[in-house]
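For reference, the structure discussed in these notes is given below.
Bear in mind that the values in this text are calculations on the coordinates, not laboratory data. No experiment lies behind these values; they were computed from the predicted model shown. Cβ atoms come from the backbone with ideal geometry, glycine included; neighbour counts cover every protein chain shown.
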Amino acid sequence: MVDTEGVPAEERRQRIAAAVEDRGFVHVGNLAEAFGISRVTVRADLDSLEKRGRLRRVRGGALAAHRAGGMPDGGRIVAGPVTVEIDAPLSRLPWFRRLGAAAPASDG
């Protein structure tokens, strides 16, 4: 992101929304550094964008709205009770293991 100092709030929010859409996920700290603003301001911008349906707030940042399924980082159940598409970093693996451990035993 270039020429971010002194950017009006609404333009900054549009740039943030575009970055989230392009990358799929953005970190609060990275946005604060890129725009030269506080993390509190970034969080307020992300909250505003979430209310408009432009993204989904998650711990530490935001996900693109189209990736924000019911599981962390956009993972989602795609078919049947045990088939899961995982679109998440390996840091989420323990969460998915817990999901599998909680699944009912199959009758087959």
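Taking H placed 1.01 Å from N in the peptide plane, check which residues at least 5 places from GLY61 or on another chain put their amide H under 5 Å from its amide H.
When sequence neighbours closer than 5 places are left aside, the close amide H contacts are VAL28.
So if I place +1 on the C-beta of Lys and Arg and -1 on the C-beta of Asp and Glu, and nothing else carries charge, what would the dipole magnitude of the range 9-67 be about its Cα centre? I want it in debye, nearest 20.
The calculated dipole for the range 9-67 is roughly 240 debye.
Using a 7 Å offset from the Cα along the Cα-to-Cβ direction at both SER48 and VAL7, what is the distance between the two label points in nm, to one decimal?
Reported label-point gap for SER48 and VAL7 is 1.2 nm.
By the gyration tensor of its Cα atoms, with a ≥ b ≥ c the square roots of the eigenvalues, what is the shape of the range 9-67: rounded for a/c under 1.5, prolate for a/b over b/c, or oblate?
Here the range 9-67 falls in the rounded category.
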